[in-house]
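Encoded as structure tokens, the structure appears first; notes follow it.
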Amino acid sequence: MSTIGTDSTTAAAVVSAGNLVAIPTETVYGLAANALDTKAVIKIFEAKNRPFFDPLIIHVPDASHFEKYCSNIPEIAYKLAEKFCPGPLTMLLDKKEIVPDLVTSGLPQVAIRVPKHPLTLALLQQIGFPLAAPSANPFGYISPTTAAHVEEQLGEKVAYILDGGPCEVGVESTIVGFEKDILVVYRLGGLAIEELYPFADKIEIRINQSSDPKAPGQLKSHYAPRKPLLFGNVEELTDAQKGKKIAVLSYQKKYNEHTKVLSPSGDMQEAAHNLFAYMRELDAGDAELIIAERFPDTFLGRAINDRLERAAAK
Ligand code: TXA
Ligand code: MG
């Protein structure tokens with residue numbers, strides 16, 4: 001059992017001693033350790049059962065810290081930082097020697113971001129090192145958006161859970177990298193790519209579907225409930241599953257009495273905020289399978305579709 005509390009000073013003491021703390025962010029809860037201490041970082045991989053070829057994001061208290069850990073930072077990164085840090089944006093930048101290879105899985109670039117949550121920012125301001133933190137879920141399962149989600153699944157493996165309430169955004173950060181004059185999006189996330197349009201003439205969405213260790217990115221099957229999940233048009237999918245006990249995860253409409261509606265008013269931010277918590281509820285319920293509705297492919301709908309598609313992948 002771990003301790004759950006709201007004291008960033010206790011959390012700071014735990015990570016400073018080389019142990020794991022679960023941290024709230026605006027996106028999802030993270031499983032954090034001192035990014036500069038390889039022994040502590042190994043504990044993250046072990047607790048999550050995460051393969052070492054899948055690199056970690058480092059978290060810093062503000063964008064002025066980027067220069068401590070990254071070099072050759074392009075002008076556009078500074079502009080993005082000014083607008084979106086803190087916020088649900090992660091940037092891939094050339095790493096400096098000080099960042100252990102374990103954190104980047106041997107890659108020359110490190111993923112870095114400034115999380116937007118007062119408790120975690122207070123924690124980061126008290127310690128003299130960045131926090132490496134993946135989402136605080138067992139590898140491949142649904143990401144946690146409350147302290148209780150973390151406790152349920154990793155409770156025995158984390159010394160302290162910093163409880164910052166339910167995560168506001170609800171899906172992971174958007175990950176971008178820079179290539180000459182192209183802004184490359186590697187993960188669709190809590191910052192809609194429409195928000196990035198003013199910053200680059202060319203934006204390329206390059207979502208990696210493979211599990212090739214040389215090209216880390218998102219695995220095809222991820223964010224998955226234990227129950228089978230089908231993704232697409234609810235009516236068509238329901239027709240094809242007659243006789244089965246079905247739960248529906250919908251955007252706005254109540255399809256049957258076992259429907260969880262993500263946002264009755266059609267607000268994608270509200271839908272993203274509820275997504276992972278509702279998936280967990282349906283996974284714990286007594287339906288045989290979950291049918292999830294496809295969202296419009298704009299704004300946060302893109303990130304929601306991405307998560308549901310991976311949740312549906314075998
Ligand atoms: O919102 C978030 O980003 C959350 C919170 C806790 O900050 N973190 C998160 O971490 O989602 P994680 O580990 O679950 O996902 C990180 C993704 C992985 O798909 C990983 O492959 C990619 O970022 N990544 C990390 N470092 C990378 C690098 N150096 N090069 C390419 N991809 C990288
Ligand atoms: Mg994750």
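The values are calculated or read from the model by the stated rules, or taken from the named source; none is laboratory data. Just so you know, these numbers come straight off a predicted model, no measurement behind them. Please note: Cβ atoms are built from the backbone with ideal geometry, for glycine as well, and neighbour counts cover all protein chains shown. Just so you know, the surface numbers come from the protein's heavy atoms only, side chains and all, with ligands and any DNA or RNA stripped out. Shrake-Rupley method; radii C 1.70, N 1.55, O 1.52, S 1.80 Å.
Can you give me the accessible area per residue for the chain, using a 1.4 Å probe, in Å²?
Value returned for the chain: 43 Å² of accessible area per residue.
Please compute the net charge surrounding L31, taking Lys and Arg as +1 and Asp and Glu as -1 over other residues with Cβ under 10 Å from its Cβ. Please list the in-between numbers first.
Details: positive: K43, K48, R50, K157; negative: none.
Summing Lys/Arg as +1 and Asp/Glu as -1 gives +4.
Can you list the HN-Hα couplings for the stretch 258-275, worked out from phi with the Karplus curve (6.51, -1.76, 1.60; θ = phi - 60°), rounded to whole Hz and with x for Gly and Pro?
For the stretch 258-275, the Karplus-derived couplings read 9, 9, 9, 9, 6, 7, x, 8, x, 9, 5, 5, 5, 4, 5, 4, 8, 3 Hz, x marking Gly and Pro.
Can you work out ³J(HN,Hα) from phi for every residue in the stretch 182-199, in order, using Karplus 6.51 cos²θ - 1.76 cosθ + 1.60 and θ = phi - 60°, giving whole Hz and x for Gly and Pro?
Values per residue, Gly and Pro as x: 10, 9, 9, 9, 9, 9, 6, x, x, 9, 5, 5, 4, 5, 8, 3, x, 9 Hz.
With only alpha-carbon atoms counted, please give the Rg and Dmax of the chain, in Å.
Taking only Cα atoms of the chain, I get Rg and Dmax of 19.0, 59 Å.
Using a 1.4 angstrom probe and counting only protein chains, how large is the accessible area of H258 in Å², to 10?
80 Å²
Could you please state how large a percent of the accessible area of the stretch 1-90 is carbon and sulfur, counting protein chains only and using a 1.4 Å probe?
With neighbouring chains kept in place, the figure for the stretch 1-90 is 53 percent.
Is any residue of the stretch 165-196 close enough, with backbone N under 12 Å, to a label point placed 7 angstrom from the Cα of L107 along the Cα-Cβ axis, and if so, which?
Within reach of a label on L107: 175-178, 185-187.
For the pair S16 and F139, how long in nm is the line joining their label points, each one 7 Å along Cα→Cβ?
Label-label distance for S16 and F139, simple model: 3.2 nm.
Please report, to two decimal places, log10 I(q)/I(0) for the stretch 229-312 at q = 0.25 Å⁻¹ as given by the Debye formula with identical point scatterers on the Cα atoms and no solvent.
-1.33
What number, rounded to the nearest 500 deg cm²/dmol, is the helix-based mean residue ellipticity at 222 nm of the chain, given -39500 (n - 2.57) per DSSP H run of at least four residues and division by all its residues? Don't skip to the answer; put the middle values down first.
On the way: 10 runs with 92 residues, N = 314.
Calculated from helices alone, the mean residue ellipticity at 222 nm is -8500 deg cm²/dmol.
Can you give me the relative contact order of the chain as a percent, contacts being Cα pairs under 8 Å and 6 or more apart? Don't jump to the answer; show the numbers that get you there.
Numbers: 720 pairs, mean separation 61.8, N = 314.
20 percent.
Quick one: Kirkwood hydrodynamic radius for the stretch 72-179, alpha-carbon pairs, angstrom, one decimal?
For the stretch 72-179, inverting the mean 1/r across all distinct Cα pairs yields 15.5 Å.
Over 29 Å between C-alpha atoms is what I'm after, so list which of K157/K244; K180/K314; K260/K314; K220/K244 land there.
Cα-Cα > 29 Å for K157/K244; K180/K314; rest within.
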